[in-house]
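Taken together, the values in this text are just the output of simple stated rules run on the coordinates, not laboratory data. The structure displayed is predicted, hence computed values, not measured ones. Neighbour counts run over all protein chains shown; Cβ positions are idealised from the backbone, glycine included.
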Amino acid sequence: MSETPETEKPRGFGRFALALIPLAFFGLIAAGAAKMLYDQDVNGKNIAEIPSALLGTKAPSLNLQPLEGSGRPALTDAAIKGKLTLVNVFASWCIPCREEHPILMALSEDRRLNIVGINYKDKTEGALAFLKELGLPYAAIGVDPKGAAAIDWGVYGIPESYLVGPDGTILYKRVGPFDEKSLAEGLYPAIEKALKARPAG
């Protein structure tokens with residue numbers, strides 16, 4: 001009689017293991033579907049390509065306090081007025097921001113472009129350490145500790161960038177970090193188009 005439980009345990013465990021196989025398979029499918037939903041919206045477009053409701057409209061007003069210790073001025077309307085400007089939303093705790101930063105450093109060498117930063121829900125010491133380590137591409141930096149400015153700009157998540165024309169019109173939006181493809185197919189054409197549209201003199 002004492003042997004019966006011992007012989008039944010492996011059988012019960014085997015049935016339990018067999019029951020887990022379809023659950024594990026379903027889990028893999030669900031994980032794949034979740035990634036697709038993360039990468040794409042319901043229309044099959046990459047999130048980075050979602051058009052902003054602000055495109056073609058005047059950029060929201062900027063009146064942000066400076067990042068103390070950065071050596072850069074506050075981010076106000078005056079910092080972008082009359083300049084073709086890339087407004088970049090970043091934070092030191094954002095891993096994709098770190099990946100994108102070398103591209104911003106390279107873009108800061110482009111004399112056609114004025115780059116400014118909105119430091120989103122960050123700590124001053126973290127932001128300063130981030131910029132000290134990776135470089136300072138911004139002509140002006142404004143802090144957005146509560147995310148109010150990000151809401152005004154319609155930020156989905158960071159990093160996020162907006163190309164603003166000299167007249168204050170939002171010309172292009174990038175959700176997520178820049179890479180070589182997004183530069184070649186998105187930002188650079190938008191810059192060229194903006195420069196061609198600029199009135200002579």
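Each DSSP beta bridge with both residues in segment 51-197 is either parallel or antiparallel, and the antiparallel ones are about 55%. Take the Cα of D167, step 7 Å toward its Cβ, do the same at K132, and the gap between the two points is 4.4 nm.
Summarising the label geometry, the points placed 7 Å from Cα in the beta-carbon direction at E125 and A148 lie 2.6 nm from one another.
For segment 91-105, putting each phi into the Karplus relation 6.51 cos²θ - 1.76 cosθ + 1.60 with θ = phi - 60° gives couplings of 7, 5, 7, 8, 5, x, 5, 5, 5, 7, 4, x, 5, 5, 4 Hz, in residue order, rounded to whole numbers and with x for Gly and Pro.
Taking every alpha-carbon pair under 8 Å whose residues sit at least 6 apart, segment 51-197 reaches a relative contact order of 32 percent.
Pairs with C-alpha atoms separated by more than 27 Å, drawn from the list K81/K146; K58/K196; K121/K196, are K121/K196. Model label points for T57 and R198, set 7 angstrom from Cα along the Cα-to-Cβ axis, are 2.6 nm apart.
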